[in-house]
Amino acid sequence: MKRTPLLVRWSIIAVVVGPLCGYAVVLFKRMATASAEMLYQHTGTFYLALPLGGALVVALLYLFVPGAAGEGMPSYVESVRSGDKRLPFKVTIAKFFSAGIVLASGGSGGMVGPVSRVCAGLGQDVGRILPKIGFETTLVRHAAICGAAAG
């Protein structure tokens, strides 16, 4: 499979990574909405939800997954540019939940950056399977790009 045409390779990646990342976006939106409703119900006012959500995110990031702190898009760009830098699965999952909590608590982090970073990480994880079944190792990089585009 080393000489598979480029269009076939990208199509295989898109068929696998696209629906996975689409589902991740739907889950992200649902989680952020459900978290906002839960925070509002338990605090009684939205203004108290922001400090609670922020404290939860800080605890999650700095105590358990310090690699997930900060912006996600620069790590994605560096991974794609260098081709050998990993987007760890643990950091991807932490980004998913922490960005959802920040948005649910009224933070202004934005949705496009975290979703693109999470989907790039998922795409890269799926792409790591492809060389094991005979495809080129450059497809890992292509899968990360496809994941970010799907997000």
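Some values worked out for this structure:
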item: Subset tally (residues that are surrounded by 23 or more Cβ atoms within 10 Å (Cβ to Cβ) and basic (Lys, Arg)) for region 115-151; result: 1
item: Of the criteria (1) of a type outside the set (Ser, Thr, Tyr); (2) at pLDDT below 70; (3) out of contact with any Lys or Arg (no Cβ under 6 Å at 6 or more places or on another chain), which one GLY83 fails; result: (3)
item: Residue in region 116-128 that is modelled with pLDDT under 80 and assigned to a helix (DSSP H, G or I) present; result: no
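The values are calculated or read from the model by the stated rules, or taken from the named source; none is laboratory data. Please read all numbers here as calculations on a predicted model, not as lab measurements. Note: ideal-geometry Cβ built from the backbone for every residue, glycine included; neighbour counts use all protein chains shown.
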